[in-house]
Amino acid sequence: MSLQTLCQSEHGNAVPFFTFGSGSRPVILTARHHACESTGSYVLEGVLDVLLQCELPDLKVFCVPFVDYDGALCGDQGKNRIPHDH
């Protein structure tokens, strides 16, 4: 498993993603959720757990976050944020 930097956030934080597997078939997994609603992340966590246990030899998995990373690091959930709710 390899943790890498996808990009830099607006506030200069490194936004991570990770990969595992060495196969030739790429699979990209991501989960999106609204502030304070983490069901999508729980589903992604379960899928990743199964894929890590199965070790499918033909796959290369990329897991990319879909989140307001700066807000998450600062504890700002984005609810009722002016001028719009994230």
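For the chain, what relative contact order do you get, as a whole percent, if you take Cα pairs closer than 8 Å and at least 6 residues apart?
Relative contact order here is 34 percent.
Counting only protein heavy atoms and a 1.4 Å probe, tell me what percentage of the chain's accessible area is made up of carbon and sulfur.
57
Quick check for you: with a 1.4 Å probe and neighbouring chains kept, what is the accessible area per residue of the chain, in Å²?
Values: 6140 Å² over 86 residues.
About 71 Å² of surface per residue is accessible.
Sort 38-44, 51-57, 65-71 by packing, meaning the average of other beta carbons within 10 Å per residue, with the highest value first.
Taking the mean over residues of other Cβ atoms within 10 Å, the ranking is 65-71, 38-44, 51-57.
For Cα Rg over 2.2 N^0.38 Å, the listed values are (1) 1.25; (2) 1.05; (3) 0.97; which was obtained by calculation from the structure presented?
Of the listed options (1) 1.25; (2) 1.05; (3) 0.97, (1) comes from this structure.
The values are calculated or read from the model by the stated rules, or taken from the named source; none is laboratory data. Predicted model only: the values in this text are computed from it and were never measured. Note: ideal-geometry Cβ built from the backbone for every residue, glycine included; neighbour counts use all protein chains shown. The accessibility values were calculated without ligands, DNA or RNA, using every heavy atom of the protein model including side chains. Shrake-Rupley method; radii C 1.70, N 1.55, O 1.52, S 1.80 Å.
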